[in-house]
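Structure first, commentary second.
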2 protein chains.
Amino acid sequence: MADPQPHRYKHPHPAVAVDLVIFTLLNGQLQLLLIERGIEPYRGAWALPGGFMRIDEDLVAAAQRELVEETGIGEAYLEQVGAFGQPKRDPRERVVSVAYFAILPAHKVALAAGSDAKAVAWHPYSELPELAFDHASIVAAAKAKLAEKVNRTTVALEFLPPEFTLTELQQVFETIRGETLDKRNFRKWAGTLSYIKATGRLRRGGQHRPAALFKPAVKGAMPIPTASLEWTTVATEKSSASEAAAKAQYRRGFEDAVSAINKAFADSSKGVLRALASR
Amino acid sequence: MADPQPHRYKHPHPAVAVDLVIFTLLNGQLQLLLIERGIEPYRGAWALPGGFMRIDEDLVAAAQRELVEETGIGEAYLEQVGAFGQPKRDPRERVVSVAYFAILPAHKVALAAGSDAKAVAWHPYSELPELAFDHASIVAAAKAKLAEKVNRTTVALEFLPPEFTLTELQQVFETIRGETLDKRNFRKWAGTLSYIKATGRLRRGGQHRPAALFKPAVKGAMPIPTASLEWTTVATEKSSASEAAAKAQYRRGFEDAVSAINKAFADSSKGVLRALASR
DNA sequence: CCAAAAGTGTTCAATCTACACCCATGG
DNA sequence: CCATGGGTGTAGATTGAACACTTTTGG
């Protein structure tokens, strides 16, 4: 009863943790949520939010639970990045970590910051501090993953509020791809997308012409292939038929060298968007 | 000492297993290696080869070890598919499984079969039996992964011997993509690939014109992006500079519904090869 | 009337796709 | 000489990429 270590196994078992790479777009920059560690090891270093999987909990449920704990937000795009399991990645105990990446839309980010007593902060992806454990590798893999998917699925919408302008959509692509896109080509291409549609409403903002508002054409957060109308239709049917399975999973990248290759890879792929890059 | 369960933890720990989806091309079909289970649960069912990760062993090392144990082959392309961790996926104990897929070249497959006392057999992907556990999901995810990568990296070469003809290369693409390709377009495209080069030698086989032989242009098994020469060059430099990190990792697909979407996805992506499909 | 972002078309280049016949060999 | 797979080019369609000015609003 009072045994401090009541769980016994014939063979040694590793711990299984879930780490989250939570992306958002803030101030025109791709940012991610980090936690300052209050305990050893790596006390004072920044780390990805995460925690141990419970023994009766699905991996993705653990990721979702962590997301809620850190941000207060339960509805967000969540996708597996992969498993990271080098023996010495955690000096205390053998830990296999399954990384997920999440996307928070900018308009919900206010809620997310400071929901907890711990030191939690958004950091621009381009100016990350040194990270604890192997979290730099995880982040690199998640970013590669994100960059690839944004061109070929609807995940860009996950960064945006329910109504958005084409300029905002363009900024999502520009920020994640890290390059500027030609406005006319972008809008021409956006016009072919079946996953957004005009609301007919306008947003009147600053001292300039009001912008037409768009919204996702499909309800639900399931990111779907972009390219052609047929496929989009197929995917849509499927996704409504299997709402419960709606966590697409994905994994790419490993160490810095490999993720550099992966970056080249993503860029060189004939993504739907490649046409849009301007000089 | 005689404690049958000497490993104790404060919190319950899952077991971590590694499962392998071992692909090859045999008789013009994509096939994968399955093991007939001799013990409960799922006794008599076919399952993916796999086993538990050792406590001091890297995940990928565990995968490699399993690969050698099952096939006797240590050198093969190996890539992470992702982590599968539903609570009830193994009825005995909580098991989180990290799946890898491997590619064996046809000319080594003879070695692979029957290397063990267990019932081991190649099964065509198109006629798989019922699989134990959630292995059907794992296989679907691995296949989606494979189909996507074959269009955008050099993994096709992993199916082939060190020297091969363009027809053989075309068959790899056709088999994995599940469609026939136009010979002239394929060869035109293959001519632009920087990752293969002609050996100058010929293979004289049946009663027909001899075929020119090609070989991989880059040594080492690291699969690299295809699209443009620049990127290929970059990737090549990187890959030789980081031989140790040469296990690219990747994960996509989850359950049948999602992997169906993923299939649509892969097909709809403007892959390098799309031009080659004939009616 | 001025600043600021929204919005809009055309042209040229590159790649995609479809399609049919001759070639070299072994038997 | 014939059966078999190896090998080759071209034209039309589609998509990619570059490029600059007008419109509408708020202040």
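For peptide B:100-107, how many partner chain Cβ atoms fall within 10 Å of a residue's Cβ, on average? Present the calculation step by step, with values, prior to reporting the outcome.
Working: counts 1, 0, 0, 0, 0, 0, 0, 0.
Average neighbour count from other chains, rounded to a whole number: 0.
What does the structure give for A:52-64 when I average, per residue, the other chain Cβ atoms found within 10 Å of the residue Cβ? All intermediate terms of the calculation are to be shown ahead of the outcome.
On the way: counts 4, 6, 5, 7, 5, 5, 5, 8, 4, 3, 1, 0, 0.
If you average over the peptide's residues, the count of other-chain Cβ atoms is 4.
For A:LYS197 and B:GLU179, what does the FRET efficiency come to when R0 = 35 Å and r is the distance between their Cβ atoms, rounded to the nearest 0.05? Display every interim value, and only then the final one.
On the way: r = 32 Å, r/R0 = 0.92.
E between A:LYS197 and B:GLU179, to the nearest 0.05, is 0.60.
Return the sequence-ordered ³J(HN,Hα) values of segment B:188-204 in whole Hz as given by the Karplus equation 6.51 cos²θ - 1.76 cosθ + 1.60 applied to θ = phi - 60°, using x for Gly and Pro.
4, 5, 4, x, 8, 6, 8, 8, 10, 8, 5, 8, x, 8, 10, 10, 9
Residues of B:74-85, mean number of Cβ from any other protein chain within 10 Å of their own Cβ, rounded to a whole number? Each step should come with its number before you reach the end.
Working: counts 0, 0, 0, 0, 0, 3, 7, 4, 9, 17, 5, 12.
Mean partner shielding for this stretch: 5.
What nm distances, shortest first, do you get from the label point of A:ALA217 to those in the other copies when the point sits 7 angstrom along Cα to Cβ?
From this label point to the equivalent ones elsewhere in the assembly: 3.9 nm.
Size of the dipole of segment B:71-179 about the Cα centre, Lys and Arg at +1 and Asp and Glu at -1 on the beta carbon, nothing else charged, in debye to 20?
Working: 11 positive and 14 negative charges, 83 e Å.
Dipole of segment B:71-179, to the nearest 20 debye: 400 debye.
For B:LEU128, place a label point 7 Å out from Cα along the Cα→Cβ vector, do the same in each other copy, and report the separations in nm, one decimal, smallest first.
3.3
Packing-wise, with mean Cβ within 10 Å as the measure, how do A:83-91, A:4-12 rank, highest first?
On the way: A:83-91: 19.2, A:4-12: 12.7.
By packing density, highest mean first, the sequence is A:83-91, A:4-12.
Note down the nm distance, to one decimal, between modelled labels 7 Å out along Cα→Cβ at B:ASP56 and at B:HIS208.
Rounded to a tenth, the inter-label distance reads 5.5 nm.
May I ask which of A:LYS145/B:LYS143; A:LYS149/B:LYS197; A:LYS145/B:LYS188; A:LYS149/B:LYS149; B:LYS149/B:LYS197 have a Cα-Cα span longer than 22 Å here? Before the final figure, lay out the partial values.
Details: A:LYS145/B:LYS143 18 Å; A:LYS149/B:LYS197 32 Å; A:LYS145/B:LYS188 31 Å; A:LYS149/B:LYS149 14 Å; B:LYS149/B:LYS197 20 Å.
Over 22 Å Cα-Cα: A:LYS149/B:LYS197; A:LYS145/B:LYS188.
Can you find, among B:PHE159, B:THR175, B:ALA106, the residue farthest towards the positive end of the dipole of segment B:51-191? Put +1 on the C-beta of Lys and Arg, -1 on that of Asp and Glu.
Positive-end residue among those listed: B:THR175.
Rounded to two decimals, what ratio of Rg to Rh does segment A:1-145 give with C-alpha atoms and a Kirkwood Rh?
Details: Rg = 15.5 Å, Rh = 15.9 Å.
Using Cα coordinates only, the ratio equals 0.98.
Over segment A:159-216, with a single point scatterer placed on each C-alpha, what log10 of the ratio I(q)/I(0) does the Debye formula yield at q = 0.14, 0.22 1/Å?
Log10 I(q)/I(0), no solvent term: -0.38, -0.94.
Note down the Stokes-Einstein diffusion coefficient of segment A:18-69 in µm²/s, whole number, using a Kirkwood radius over alpha carbon pairs, 10 °C, and 1.306 mPa s.
Details: Rh = 12.3 Å.
In µm²/s, the coefficient rounds to 130.
Quick check: net charge around B:THR199, other residues with Cβ under 12 Å of its Cβ, Lys/Arg +1 and Asp/Glu -1? Before the final figure, lay out each step's value.
Working: positive: B:LYS197, B:ARG201, B:ARG203, B:LYS215; negative: B:GLU163.
Value of the local net charge: +3.
By per-residue mean of other Cβ atoms within 10 Å, what is the highest-first order of B:56-62, B:98-104?
On the way: B:56-62: 18.6, B:98-104: 26.7.
Packing proxy ranking, top to bottom: B:98-104, B:56-62.
Hey, can you grab everything whose amide H is under 5 Å from the amide H of B:ASP90? Only 5+ residues off in sequence or another chain; H modelled, so Pro and N-termini drop out.
Close amide H contacts, sequence-distant or interchain: B:VAL95.
Quick note: the coordinates plus some simple rules give every number you see, no bench work behind them. Not measured: the values here are computed from a predicted model. No Cβ is skipped: glycine too gets one built from the backbone with ideal geometry, and neighbour counts run over all protein chains shown.
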